[in-house]
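The values are calculated or read from the model by the stated rules, or taken from the named source; none is laboratory data. All of these numbers come straight from a predicted model, not from anything done at the bench. Neighbour counts run over all protein chains shown; Cβ positions are idealised from the backbone, glycine included.
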Amino acid sequence: MPLWVPQVLLALTIVATAATGIWLLLNLRAIARLFRSSGVVEPGPGPRLVSKRTTAIMLVLFNLAWIGSVAVWSWVMTGEANEVVDADM
């Protein structure tokens, strides 16, 4: 594996985390509507913009992305990534 592969994997997971996090911040009312059954969180007034399914998918993607980022980072920092890098490429 070339040396740039772990770096690209880390960059992709960071970008995915940032993109989904920004989307979730811009659609806070949709998150409140998703958890409406608890009674503690109530969505504010305004038109319904996105579906509950889309909101749930973005929450799942956000969590997978940050967990993937931590996994890639720990893989690189432990030195195990150095063992799979091919210096001839």
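Descriptive notes on the structure:
- Filter result for G21 (of a type outside the set (V, I, T) and surrounded by fewer than 13 Cβ atoms within 10 Å (Cβ to Cβ)): no
- Residues satisfying the stated conditions in segment 24-38, i.e. at pLDDT 90 or above and loosely packed, with under 13 Cβ neighbours inside 10 Å: L25, L26
- Any hit, segment 52-68, residues being modelled with pLDDT under 75, loosely packed, with under 11 Cβ neighbours inside 10 Å and not small (G, A, S): no
- Set side by side, the residues V72, V41, V5, V85 differ, and just one is at pLDDT below 85, surrounded by 11 or more Cβ atoms within 10 Å (Cβ to Cβ) and in contact with a Leu (Cβ under 7 Å, 6 or more places away or on another chain), which is V85.
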